[in-house]
Amino acid sequence: DNTVYKAELQGACDGLDQSADTLRVTRAGSLLDLVSAIQALRNGRAAGGGQNLVERFYTTLRRLLRCHRTFRLIIQWVPEHMRVQGNEEVDGEAKTAAGG
């Protein structure tokens, strides 16, 4: 589902934006439950839409690395609906933001 895919990318972008707004951030993590979204972020290319979100993600990441040279980002897969605190709420918000 393209909406779910874009929602995962949107959520990753929103999370990275929050990290960029943190004064002394040194690391952040993006926990995603959709492998194709993880692949898009790792490769820098979106398959089937969402390229603007991947580019937004990398623009923010480059800005973070310029300001915080020791910044580290972890992108990790998590099983869907496995009681990750806040996951359902974040998924819903990201889906709404992605237009779904």
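The length gained on full extension between Asn2 and Ala47, counted as 0.36 nm times the residue separation minus their Cα-Cα distance, comes to 15.2 nm. Averaged over residues, the count of other Cβ atoms within 10 Å places the peptides 42-50, 57-65 in the sequence 57-65, 42-50, highest first. Karplus-derived 3J(HN,Hα) values for the stretch 61-76, using 6.51 cos²θ - 1.76 cosθ + 1.60 with θ = phi - 60°, are 4, 4, 5, 4, 5, 5, 7, 10, 4, 9, 4, 10, 10, 10, 10, 9 Hz; glycine and proline are entered as x.
Database remark: amide H of Ile75 closer than 5 angstrom to the amide H of Ser30 (H placed geometrically; neighbours at sequence offset of 5 or more, or on other chains; Pro and chain starts carry no H). For the pair Thr22 and Glu55, the difference between a 0.36 nm per residue extended length and the Cα-Cα distance amounts to 9.8 nm.
Amide hydrogen proximity for Asp33: with H placed 1.01 Å from N in the peptide plane, the residues at 5 or more positions away or on another chain lying under 5 Å are Val78. For the stretch 1-83, GluC sites (Glu not before Pro) are listed when DSSP marks them as loop and at most 13 other Cβ atoms sit within 10 Å of their Cβ; the list is Glu80.
Quick note: the coordinates plus some simple rules give every number you see, no bench work behind them. All of these numbers come straight from a predicted model, not from anything done at the bench. Heads up, the Cβs are rebuilt from the backbone with ideal geometry, glycines too, and the neighbour counts pull from every protein chain shown.
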